[in-house]
Structures are given as C-alpha cells and as structure tokens.
Amino acid sequence: MLQVQFIRDNKETVLAGLAKRNFANAEKIIEEVLTADENRRSTQVELDNTLAESNKLSKEIGGFFKSGEVQKANLLKEKTVQLKEKSKELGENFNAFAEELQTLLYQIPNIPHTSVKAGKSEEDNENIFSEGTIPDLGENALPHWELAKKYDIIDFELGNKITGAGFPVYKGKGARLQRALINYFLDKNTKAGYTEVQVPHLVNTESATATGQLPDKDGQMYHSTVDDLYLIPTAEIPITNMFRGNLMQESEFPIKVTGYTPCFRREAGSYGAHVRGLNRLHQFDKVEIVRIEHPDNSYQALNGMVEHIKDILRDLKLPYRILRLCGGDTGFTSALTFDFEVFSTAQDRWLEISSASNFEAFQANRLKLRFKNKEGKSELAHTLNGSSLALPRVLAGILENYQTADGIKIPDALVPYCGFDIID
C-alpha cells in the first residue's frame, strides 16, 4: 500500500497516477485518507500528553505521601482517575482512526511509473518489442485442444469428470513435456543466480494481504474457510512472504528466488472460445521469479528480468512480443508491468505467458520489509516478480507452432529434459 507520508507530501502526483488507472472517486478517498490520518495523529498527540500528565501526577502523589501530605495526594489521585478514563477513550479513538486509515489505504492501488501511459484496457497497451518468426502451418493446422485429443496427451473431459472445467489431466508425453518445462525453467533460473525454493501452496490471510491479493482479489481466490487458508494464485505470495517483517542490510541485496508451484484461480465469469483448452484454467503450473532489491536498483533489476525471460523464449524459438501495460490494465500492486505474449499460430492470436512487474515499495510497506541504509536509517525495500514461465500457454504455443504432418516436434532445448523429440 502507499505510505501516508507519501500521499501527504505528493497529493497531486498521487491523484495524477490514480487518474492514469481510471481509479474512481480518487479525490474523495484521498481526502478521506488525509482526514483519517490527521484525526489519528492529533489523537495520538492528545493521548501522549494525557499519559505524560498522568505519569507526572503519579510522581507528585508519591512525593506527597512521603511528606505526609495525604490530603493533597488524594486530591491528585482523583484527577489521575479522570486522566485514566480519558486515556482509555483516546486510545479507543486512536485505534478506530488507525483502522479506518488502514481500510482506506487497502483500497488504493499503486501509483504507475512515469513511463506508463494512460489507458482504459488491454487495447491501450504498448507493443514495445517483438521477436521470432511466425511459422506457416498451412490450412490444416489444428488448435492445441484438438492436437491434445489427437495425440492423447491432455484430457479435458477427464479433468471435468474428476473436478470440473479448467482442471485438465496431462497424459503420457503430455505429462512428460509438462514436467520437462518445469525442470527446464527452474534450471534456467538457477543458472541465472536465483535460489530455488519449495513453498506451501496454501497461505494465511496475512500473507495474501501482505502481497496485495487481499482484499483486492477476494472472491477470485479459492478459500478454505474451515482453516481460513487460501490456495495460491501465484508463487509470488509465499515466496515474497518469506521476507515479511525482515530488517535487512544493504549488503544482502539483491535477493533472487525462484520456485515452482501449481496455481489456483477461480476465474469467475470466464466463458467462450477465447478460454478453450489451455487458454485459461482454474489450476495450472507456473515457475516464478522474485527479487528483493535496493530502491536505487529495482528498475535495472526489472530490465534484467525482462532480458532473462527473452532468453528463455529464444531458447524455445517461440514468436513473442512484449507489451508495456497502460494504467487501466496494470495490476493493483504494480508500478510498471511488462507482459510477454506468445503467438498461437493455429488460433491466430496472442496469448499472455508472463508478466514482469516492479511493485516498488508498495508491497514492502504491507510486508514491513525494510533495510538499513548507509545512514543507518530504516527504509522500505523494493519487490519485483515475474513468471518464467506460466506453463499452459507456453505448452499451447509449442503444440501449435511445432505441429507437423508427422507429429509435434519438441524444441531442441527441451529434448534432453523430455527424452524424446516428437509427439506422434
């Protein structure tokens, strides 16, 4: 979340940033934040003064008792009782104002980076880079869901029987290709200096709130109400929360972590041809990269993540493009996001396969993730994350773009991981 001090000192900048996002009632909620903060601070001052006066009187009472001036001591004791009642009331008021302020701050998204353009939807995103050759597959090219059925490598109907729509069953070479992609992505990431971790697939409310999924995406996550735990929509949540509450030293930067997890998203209201097959699932596999950085280096780190993901797609020889998201399409917690999309030749459309984002201090403020700067003062770190990569649409791209009359060829980079070079 945004820091109150930043909002107070940069009100117009905040409002301009929220306007880029088309954030409704921005002026109203910012005024409510400033009012709640002023009430909280003035109440804190009054409470501190009241407690200080009470402490002073307590010392005076002790002195009067020692000197035998009992009547004066008793008079002051009556006054301390009144001060204690006042302190209690002020404390309750302070907590109420603090809770109101927190609730308001949780509703406000991050401020977009200056390079982010205003826009309303994905139609306004900027195409800033593209690479790779789109293959000519001819008129008989099949979409991946038909290829999956033809070669019996993914069974959507069986997944529907077991669980429901959006939970496919990978079979035979399909399952092995899936596992090969996970291992390949993890190996690429660890060779690039990321430390591999295995993390829980369920998180508590505090973790989901700390990285900004709650309350923003409440309803989009699967919630185990009995234990009040959430199935993760991304490994970003448990990996980033590994550092929640930490006070780091500058020498610890950069921190680079990668991990594979299944991901779970309700995707309520998703219907139609654009979500067929692997295009949109309720359960899918993803390999994530997370970085904790010094604020001075976070955008250089973001560029490094973008180049790393480029390198993976070059290895796979998939045609792709990079979009810089506009304000209206940028995620709640992000200051700047680059989306990677692979071209699905048989579907004749682009499919998002990765997002690389810099959250600046927005997540760190909720996480209470700080470091000691050179002056010895505590400062918020910057957090970043990216997919490298989300498997379903990468798999869809491989199946469609590598299809031939003889079968589906396996990208050279994956052959050592698969143990075969064609699905036939």
Quiz item: Taking the range 1-20 as the search range and keeping residues that are open to solvent by less than 80 Å² (accessible area, probe 1.4 Å) and more than 26 Å from Leu369 (Cα to Cα), which one is nearest to the chain's Cα centre (by Cα)?
Solution: Lys20
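Only one residue in Ala364, Ala390 is aliphatic (A, V, I, L, M), at pLDDT 95 or above, in contact with a Leu (Cβ under 6 Å, 6 or more places away or on another chain) and closer than 23 Å to Thr258 by Cα, so which one is that? Lay out the reasoning, then the answer.
Numbers: Ala390 fails: in contact with a Leu (Cβ under 6 Å, 6 or more places away or on another chain).
Of Ala364, Ala390, the one residue that is aliphatic (A, V, I, L, M), at pLDDT 95 or above, in contact with a Leu (Cβ under 6 Å, 6 or more places away or on another chain) and closer than 23 Å to Thr258 by Cα is Ala364.
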Exercise. Sort through Arg291, Arg276, Arg244 and tell me the only one that's in contact (Cβ under 8 Å) with a residue 12 or more places away in the chain, open to solvent by 60 Å² or more (accessible area, probe 1.4 Å) and within 16 Å of the chain's Cα centre (by Cα).
Key: Arg244
Quiz prompt | Residue match in the range 101-109 (condition: open to solvent by 50 Å² or more (accessible area, probe 1.4 Å), not basic (Lys, Arg) and not in a helix (DSSP H, G or I)) | solution = yes
Quiz item: Looking at the range 56-91, which of its residues are of a type in the set (Lys, Arg) and out of contact with any Phe, Trp or Tyr (no Cβ under 8 Å at 6 or more places or on another chain)?
Solution: Lys56, Lys59, Lys66, Lys77, Lys79, Lys84, Lys86, Lys88
Practice problem: Hey, could you check the range 206-236 for residues that are part of a loop (DSSP other than H, G, I, E, B) and of a type in the set (S, T, N, Q) and say which is farthest from Leu369 (Cα to Cα)? | Solution: Thr225
Exercise. Might you let me know whether the range 134-149 holds any residue that is over 25 Å from Phe343 (Cβ atoms), at pLDDT 95 or above and not in a helix (DSSP H, G or I)?
Key: no
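Give the residue that is surrounded by the fewest Cβ atoms within 10 Å (Cβ to Cβ), with candidates limited to residues of the range 125-148 that are among the charged types (D, E, K, R) and out of contact with any Leu (no Cβ under 9 Å at 6 or more places or on another chain).
Glu139
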Exercise. Return yes or no: is Ile61 under 30 Å from Gly328 (Cα atoms) and either open to solvent by less than 80 Å² (accessible area, probe 1.4 Å) or touching a Lys or Arg at 6+ places or on another chain (Cβ under 8 Å) (or both)?
Key: no
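The values are calculated or read from the model by the stated rules, or taken from the named source; none is laboratory data. Note that this is a predicted model, so its numbers are computed, not measured. Neighbour counts are summed over all protein chains in view; Cβ atoms, including those assigned to glycine, are modelled from backbone coordinates with ideal geometry. Just so you know, the surface numbers come from the protein's heavy atoms only, side chains and all, with ligands and any DNA or RNA stripped out. Shrake-Rupley method; radii C 1.70, N 1.55, O 1.52, S 1.80 Å.
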